[in-house]
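The values are calculated or read from the model by the stated rules, or taken from the named source; none is laboratory data. In this text the structure is predicted, and so the values were computed from the model without any measurement. Positions of Cβ are backbone-derived with ideal geometry, glycine not excepted, and every protein chain shown enters the neighbour counts. The protein model used for the area step is the full one, side chains on, heavy atoms only, and it has no ligands, DNA or RNA in it. Shrake-Rupley method; radii C 1.70, N 1.55, O 1.52, S 1.80 Å.
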Amino acid sequence: MRVAFQGEPGAYSEQAVSEYFGQVETLPCESFDDVFEGVASRTCESGLIPIENSLAGSIHQNYDLLLKNSLHIVGEYFLRVRHCFIAVPGTSMGEIRKVISHPQALGQCAGYLKAHSFKPEAVYDTAGSVKMLKESQIKDTAAIASRRAADLHGMQILEEGIEDNPENFTRFLAVSLEPVEPAGDAKTSIVFTLKNTPGALFKALSVFALRDIDLTKIESRPLPGKPWEYLFYIDFIGAESEGHAAKALDHLSEYAVMLRVLGSYPRMKNE
């Protein structure tokens, strides 16, 4: 099996692939678009994309790509993000002046950086920052990335777990050309649009409340080509084929201008 992910080898996405899929062949991709294209073209059987972080919020680009592409969500995985402070071997903490990493990682470690008076500098990727450090061999610079990235490039970990908030999780979605039929505890993701009329969203959400269906995520995104109109993304507990869920979706279709099920899949209990 071959699985696509965005980022350099050693990225948190690659770690998530390993933990979710097990021993598989991986395809590092430069962009999220490339991940979707890799699956759509059958270069890979599946892709794993981050969709939200417990501290930084949603990855909006991937919501847009789920709508743009005809792939199915077939699974989810929650990765505990543990940031490491990484330097060239032989470097001491006292030598560090500047720290490079992805903007999100720098933000999640802002308190640590401020406490040590380190100057942050944003680069394209966490694992990529370690690769840059290895190539430059500059001892006054450190990187923030995963333990795997440090090990992969033979770099030194000066400190581990430097994130300001330990409750740092990223939720990933597995996408594939073929849907799955989840057995047991499931989750379903949908996207829909509504007419811009009073009470439209209230009516749409009420189809779930009337049936005691738990909504775990609500996200809105601009509707391309129609200023100030929106797409609504919802995750709810249950499979599309289950009685209450099927009735709720039928009911929602009465109000929705467009309704699409992005996938029903096994639910990971880490919420």
How many residues, within segment 210-228, are open to solvent by less than 70 Å² (accessible area, probe 1.4 Å) and farther than 24 Å from residue 71 by Cα?
2
Being more than 30 Å from residue 35 (Cα to Cα) and in contact with a strand residue (DSSP E or B) (Cβ under 7 Å, 6 or more places away or on another chain) is true for just one of 209, 248, 200, 186. Which residue is that?
200
Do you know which residues across segment 229-239 are in a loop (DSSP other than H, G, I, E, B) and crowded, with 16+ Cβ neighbours inside 10 Å?
238, 239
Every residue from segment 240-256 that is more than 14 Å from residue 205 (Cβ to Cβ) and either of a type in the set (S, T, N, Q) or in a loop (DSSP other than H, G, I, E, B) (or both)
240, 241, 242, 253
So, in segment 180-192, exactly how many residues are β-branched (Val, Ile, Thr) and either part of a loop (DSSP other than H, G, I, E, B) or farther than 30 Å from residue 45 by Cα (or both)?
1
Identity of the residue in segment 11-31, in a loop (DSSP other than H, G, I, E, B) and over 16 Å from the mean Cα position of the chain (by Cα), that ends up nearest to residue 170 (Cα to Cα)
22
Given the conditions (1) surrounded by 15 or more Cβ atoms within 10 Å (Cβ to Cβ); (2) assigned to a helix (DSSP H, G or I); (3) among the aliphatic types (A, V, I, L, M), every one holds for residue 259 apart from (2)
Residues located in segment 162-179, provided they are open to solvent by 40 Å² or more (accessible area, probe 1.4 Å) and either modelled with pLDDT of 95 or more or part of a strand (DSSP E or B) (or both):
169, 177, 178, 179
Scan segment 87-112 for residues that are touching a Leu at 6+ places or on another chain (Cβ under 7 Å), open to solvent by less than 10 Å² (accessible area, probe 1.4 Å) and in contact (Cβ under 8 Å) with a residue 60 or more places away in the chain and report the count.
2
Among the residues of segment 10-26, count how many are in contact (Cβ under 8 Å) with a residue 12 or more places away in the chain and open to solvent by 40 Å² or more (accessible area, probe 1.4 Å).
6
Hey, can you tell me all the residues within segment 32-52 that are open to solvent by less than 10 Å² (accessible area, probe 1.4 Å) and not in a helix (DSSP H, G or I)?
44, 46, 47, 48, 49, 51
Scanning for something part of a strand (DSSP E or B) and either over 20 Å from residue 182 (Cα atoms) or not β-branched (Val, Ile, Thr) (or both), does segment 205-217 turn up at least one residue?
yes
Looking at segment 215-258, which of its residues are among the hydrophobic types (A, V, I, L, M, F, W, C), under 23 Å from the mean Cα position of the chain (by Cα) and modelled with pLDDT of 95 or more?
215, 218, 231, 232, 234, 236, 237, 239
